[in-house]
Amino acid sequence: MTLSPFAGKPAPTELLVDLPRLVTAYYTGQPDAAISTQRVAFGTSGHRGSSFDLSFNEWHVLAISQAICLYRQSQGIDGPLFVGIDTHALSTPAGASALEVLAANGVTVMIAAGDEYTPTPAVSHAILCYNRGRTSGLADGIVITPSHNPPQSGGYKYNPTNGGPADTHITKWIEAKANELLANKLAGVKRISYEQALKADTTHRHDYVNSYVADLINVIDLDAIRNAKLRLGVDPLGGAGVRYWSAIAEHYRLDLEVVNKEVDATFHFMSVDWDGQIRMDPSSSYAMQGLIGLKNRFDVAFGCDPDHDRHGIVTPTGGLLAPNNYLAVSIDYLFQNRPHWRADAAVGKTVVSSGLIDRVAARLGRRLYEVPVGFKWFADGLFDGSLGFGGEESAGASFLRKDGGVWSTDKDGLIPALLAAEMTARTGRDPSQAYRALCDDLGEPFSVRVDAKANPQQKALLSKLSPQQVTSTQLAGESIQQILSHAPGNDQAIGGLKVMTENGWFAARPSGTEDIYKIYAESFIGDDHLKQLVQEAQTLVDGAISG
């Protein structure tokens, strides 16, 4: 990983996106469905791209929206469709385009009161609250967001009636229909003007902010936080939750300071990520420099990405916790402090999450449910309560209500952030101190994620690596115990490879949203062993994708 000279520094003017050009490209570009990079493609979390390279513009949004209308008809989904948008520049025009199609198709649409930006978890929460106790007329949702991706990005996610990210069989259907519409120059897309759509009888306003905030008491012990008089800080990173945090502080009378209330689609207030990109990633120490610099002002602080489905936890004793470390701490705390959860509720993790989670689950006597990357794999378990917690290495997690009922089936960045305050209030230890105690008991993991450039052809090769391509019996001086191409929890392909020894492992997989591949590695021995793991993993991967 080659660090940019800008990494961790305030974004210079020359890195800021030209917003007028970006939005103009959204409305004027015409993608060619015969070119793979210009087609609709749902990755691990929806379709993403940029209007600059004809991978996300008005045509894509119109085609996907019509495809979703057709999918709903095919499945008999006729309840309201909850729609949220984040603060990326392309999200507002995309939201308008989507509404034009949805209204033309007679879909009942719930858009935010006051045109508020809406976090992903608020949409999932709204779907689940509406559907509770219903067997017909079920709701679903759309979130227009590219998550933590750079300011020039746009994104579009569909959440079906279980409230979580759409499963592969749904996204494949929508993707194929949308590309068919693109190839036919949008013939078959129903559309009315935005003004007509706003006035349509089927378009309604929904108070996402207050319905979400008022319900938080049922998932987090906010009384304990308030009574402990903790000093809390939050940086929404210019995202959709800016007003949510102020509402939470006011509603629950918390001493919570929003350190940055600015919303600006250039995200000029960010510090630059490792590769010279502006990326609103709360798990990156480079992107989170602003909040890390304020750590001594607060008992605990947190940040979230633009659609608030990811979290970052900052403490005065440890700075920014690595996502895996906080997942392990959260699991250890929750399963000991949620007595009304099912006794057989399992721990959900992705194959590239820390082995420390395995050790925590074993100590708790809880079943481990290990799945490929993608939060969709946790949705059903969170929905029916068979999973108490689902978390992925990229700082995405959700968990059950205090009574064991479903809260959200998509990633929720707000509740893990507030959980950091709850555990500090109730145990007297901040999450960094809790992590040190875990390591003392179960061993300390040394981990790293290495991102490297890879073109689409190289990514395709990497996704098809098989256990048979690993001919060595040794990895970093230890015998290889297991080689996985499918996740043990649900036997689904992991889109890469995971190689394990007694005290270490690595996994390699292509990014679903960017032209990079990722190597995840972890050692319970030390840094030197970790470096050896990464070196041998890179040799294997580079050899495989160069062919």
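The values are calculated or read from the model by the stated rules, or taken from the named source; none is laboratory data. Predicted model, so just to flag it, every value in this text is computed and none were measured. No Cβ is skipped: glycine too gets one built from the backbone with ideal geometry, and neighbour counts run over all protein chains shown. Note: accessible area is taken over every heavy atom of the protein model, side chains too, but ligands, DNA and RNA are not part of it. Shrake-Rupley method; radii C 1.70, N 1.55, O 1.52, S 1.80 Å.
Observations on the structure shown:
- Between region 505-547 and region 251-272, the alpha-carbon center distance in angstrom: 34 Å
- Antiparallel %, DSSP beta bridges [both residues in the chain], to 5: 60 percent
- Between the C-alpha center of region 327-344 and that of region 457-499 there is a gap of 31 Å.
- For residue 89, neighbours were defined as the other residues whose beta-carbon sits under 13 Å from its Cβ, and their charges (Lys and Arg +1, Asp and Glu -1) total -2.
- Shape metrics for the chain, restricted to C-alpha atoms - Rg then Dmax, Å: 22.3, 67
- The value for region 302-455 of Rg(Cα) / (2.2 N^0.38 Å) is 0.97.
- Residue-normalised accessible area of region 157-290, given per residue in Å² at a 1.4 Å probe: 42 Å²
- Using all pairs of distinct alpha-carbon atoms, the Kirkwood hydrodynamic radius of region 122-212 works out to 15.7 angstrom.
- By the Stokes-Einstein formula, at 1.002 mPa s and 20 °C, region 152-261 with its Kirkwood radius over alpha-carbon pairs has D equal to 117 µm²/s.
- Distant-in-sequence amide contacts of residue 407, defined by a placed amide H-H separation under 5 Å and a gap of 5 or more residues or a different chain, comprise 401.
- Short-range pairs are left out: with C-alpha atoms under 8 Å and at least six residues apart, the relative contact order of the chain is 14 percent.
- Based on DSSP H segments of at least four residues, each scored -39500 (n - 2.57), the chain has a per-residue ellipticity at 222 nm of -11000 deg cm²/dmol.
- Evaluating kT/(6 pi eta Rh) at 4 °C and 1.567 mPa s, with the Kirkwood radius of region 381-487 over Cα pairs in the Stokes-Einstein relation, gives 72 µm² s⁻¹.
- Here the alpha carbons of region 330-369 define both size measures, Rg and Dmax, at 9.7, 29 Å.
- For region 444-547, alpha-carbon Rg relative to the globular expectation (2.2 N^0.38 Å, N residues): 1.01
- Each Lys and Arg Cβ is given +1 and each Asp and Glu Cβ -1; about its Cα centre, region 427-547 then shows a dipole of about 460 debye.
- For region 322-363, accessible area per residue (1.4 Å probe, heavy atoms of protein chains only), Å²: 30 Å²
- Among the listed pairs 411/518; 229/349; 9/295; 411/453, those whose Cα-Cα separation exceeds 25 Å are 229/349; 411/453.
- Solvent-free Debye scattering, log10 I(q)/I(0), computed from the Cα coordinates of region 62-206 at q = 0.10, 0.11, 0.19, 0.20 Å⁻¹: -0.30, -0.36, -1.19, -1.34
- ³J(HN,Hα) computed for each position of region 387-393 - Karplus, 6.51 cos²θ - 1.76 cosθ + 1.60, integer Hz, glycine/proline x: 10, x, 8, x, x, 10, 4
- If you plug the beta carbon distance of residue 269 and residue 172 into 1/(1 + (r/R0)^6) with R0 = 35 Å, you get a FRET efficiency near 0.35.
- Cβ-based charge dipole, the chain, positive-most Cα from 144, 99, 521: 99
- Cα gyration tensor shape for region 196-336, rounded if a/c is under 1.5, else prolate or oblate: oblate
- Extents of region 431-473, largest first, come to 44, 28, 12 Å (Cα atoms, principal axes, whole angstrom).
- Distant-in-sequence amide H partners of residue 43 (H built 1.01 Å from N, under 5 Å): 48
- Total charge dipole magnitude, the chain, about the Cα centre, Cβ charges on Lys, Arg, Asp, Glu only, Debye to nearest 20: 600 debye
- In this structure, the amide hydrogen of residue 220, modeled 1.01 Å from its nitrogen in the peptide plane, lies closer than 5 angstrom to no residue at least 5 positions away or on a different chain.
- Virtual paramagnetic centre 7 Å along Cα→Cβ of residue 363, amide N under 20 Å, in region 429-456: 429-447
- Relative contact order of region 419-547: 27 percent, from C-alpha pairs under 8 Å at least 6 residues apart in sequence.
- When Rg and the Kirkwood radius Rh are both evaluated on Cα atoms of region 226-309, their ratio Rg/Rh stands at 0.98.
- The chain - percent of accessible surface contributed by carbon and sulfur, probe 1.4 Å: 48 percent
- With one equal scatterer per alpha carbon and no solvent term, the Debye-computed log10 I(q)/I(0) for region 1-137 at 0.09, 0.20 1/Å reads -0.36, -1.32.
- Each Cα pair under 8 Å and six or more residues apart adds its sequence gap; the mean of these over the residue count of region 38-93 is a relative contact order of 19 percent.
- Binned Cα-Cα distance frequencies in region 503-547 - 10 Å width, integer %: 27, 49, 22, 2
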